[in-house]
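Visitor: Once you've had a glance at the structure underneath, I'll fire off some questions.
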Amino acid sequence: MSDVTRLLSAIDQGDSQAAERLLPLVYDELRKLAAHRMAQEKPGQTLQPTALVHEAYLRLLDTKKVQKWNSRGHFFAAAAEAMRRILVEKARHKRSLKAGGNRHRQEMTDVEAPDTGPKVDLLALNEALEKLEHQDKRRAEVVKLR
């Protein structure tokens with residue numbers, strides 16, 4: 001029996017710390033699985049593989065739902081299914097009207113970025129601020145002397 005299978009069994013039996021020990025053992029494989037899933041997605045996907053791994057892991061080890069893992073393979077199959085469902089949910093949300101699903105992206109390659117305003121010489125600005133600070137200190141000293 002592998003370490004992963006033992007930890008999955010411990011989680012089934014209610015060991016709350018087993019989930020913390022499980023993540024380092026399965027993280028790299030889950031990350032590869034997520035990267036593979038993300039490579040099959042359309043360009044423009046905003047979800048990153050790391051976020052997909054974390055969301056799937058939280059779903060898999062949800063303490064409110066009783067889940068029994070027969071083996072390491074069963075766990076990774078469930079992880080793949082969880083990732084697929086998460087990606088489907090994200091795609092459905094993007095299509096919803098609330099999320100702007102009826103809008104189509106249009107590239108604007110011929111439009112230049114607007115000028116953000118006047119160019120500022122930061123060194124000159126800093127020098128001017130230091131002069132003002134120095135003058136302010138002198139005025140404060142004169143006021144104290146009066």
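The values are calculated or read from the model by the stated rules, or taken from the named source; none is laboratory data. All figures in this text were calculated on a predicted structure; none of them were measured in a lab. For neighbour counting, all protein chains shown are included, and Cβ atoms are generated from backbone atoms with ideal geometry for every residue, glycine included. Just the protein is used for accessible areas: all its heavy atoms, side chains included, with ligands, DNA and RNA removed. Shrake-Rupley method; radii C 1.70, N 1.55, O 1.52, S 1.80 Å.
Visitor: Test residue 5 against the criterion of being within 23 Å of residue 89 (Cα to Cα), assigned to a helix (DSSP H, G or I) and among the polar types (S, T, N, Q), and give yes or no.
Guide: no
Visitor: Among the residues of region 11-45, write down those that are surrounded by fewer than 10 Cβ atoms within 10 Å (Cβ to Cβ) and in a helix (DSSP H, G or I).
Guide: Across region 11-45, the qualifying residues are 24, 39.
Visitor: Here's something else I'd like to know. So which of 74, 54 is open to solvent by 50 Å² or more (accessible area, probe 1.4 Å) and modelled with pLDDT of 90 or more?
Guide: 54
Visitor: If only one of 67, 106 is within 23 Å of residue 6 (Cβ to Cβ), assigned to a loop (DSSP other than H, G, I, E, B) and modelled with pLDDT under 75, which one is it?
Guide: 67
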